[in-house]
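Visitor: Pasting a structure here, questions to come.
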Amino acid sequence: MSIDIREAAFGCAGMLSEHNGSDTVVLDLRKLSTWTDFFIVTSATSSTHLRGLARHVEEYLGPLGLSPLRRPRIAEDEQWCLLDYGDFVVHIMAAEARAFYELEKLWFEAEVVPVGAQGKPADTQSTAATAATE
């Protein structure tokens, strides 16, 4: 079974949005990194929400034959969960941790695509930018 990594990453981001991950974005790192293609970044409202989102990611990607390279143990007061799938990395963060670490600013050269439900870019401007780079 051949898996389109871009489609899996955007589908995962859409699923996170559907489960109330806020400000979900996909950072396209293909031109900047040799070790991964995409970062998916979303915010959770609590540590319970963070753990739930991490579980949903694994449930969504498992049937596609994808599993994290390492399964993190998520503590009760966790602020950040990183799920590394090799070709893409999922970052589920508390709002405070996301504001502090500013991954979008750290990877400022990456194309940032806001994602809504169903894995669709959240606005038409992002869609046009994505289409222009493919």
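The values are calculated or read from the model by the stated rules, or taken from the named source; none is laboratory data. Since we're looking at a predicted model, the values are computed, not measured. Heads up, the Cβs are rebuilt from the backbone with ideal geometry, glycines too, and the neighbour counts pull from every protein chain shown.
Visitor: Return yes or no: is Ala44 buried (at least 23 other Cβ atoms within 10 Å of the Cβ), among the small types (Gly, Ala, Ser) and over 17 Å from Ala94 (Cβ atoms)?
Guide: Values: buried (at least 23 other Cβ atoms within 10 Å of the Cβ): yes; among the small types (Gly, Ala, Ser): yes; over 17 Å from Ala94 (Cβ atoms): no.
In short, no.
Visitor: Tell me, which residue of the stretch 4-28 that is touching a residue at least 24 places away in the same chain (Cβ under 8 Å), over 12 Å from the mean Cα position of the chain (by Cα) and not in a helix (DSSP H, G or I) is surrounded by the fewest Cβ atoms within 10 Å (Cβ to Cβ)?
Guide: Only one residue fits best here, namely Asn20.
Visitor: From the list Ala99, Ala44, exactly one residue is among the small types (Gly, Ala, Ser) and out of contact with any strand residue (DSSP E or B) (no Cβ under 8 Å at 6 or more places or on another chain). Which is it? First the steps, then the outcome.
Guide: Details: Ala44 fails: out of contact with any strand residue (DSSP E or B) (no Cβ under 8 Å at 6 or more places or on another chain).
The unique qualifying residue is Ala99.
Visitor: Mind checking whether some residue in the stretch 115-125 is surrounded by 20 or more Cβ atoms within 10 Å (Cβ to Cβ) and either at pLDDT 65 or above or in contact with a Lys or Arg (Cβ under 8 Å, 6 or more places away or on another chain) (or both)? Break it down into steps so the answer makes sense when it comes.
Guide: If we filter the stretch 115-125 for residues that are surrounded by 20 or more Cβ atoms within 10 Å (Cβ to Cβ), which is where we start, we get 115, 119, 121.
Now restrict to residues that are either at pLDDT 65 or above or in contact with a Lys or Arg (Cβ under 8 Å, 6 or more places away or on another chain) (or both): 115, 121.
Yes.
Visitor: For Val41, all conditions in the list (1) over 20 Å from Ala8 (Cα atoms); (2) touching a helix residue (DSSP H, G or I) at 6+ places or on another chain (Cβ under 6 Å); (3) modelled with pLDDT of 95 or more hold save one; what is the number of the exception?
Guide: (1)
Visitor: Report, by residue number, each residue of the stretch 41-74 that is closer than 22 Å to Val112 by Cα and touching a residue at least 60 places away in the same chain (Cβ under 8 Å).
Guide: Within the stretch 41-74, Val41 is the sole residue that qualifies.
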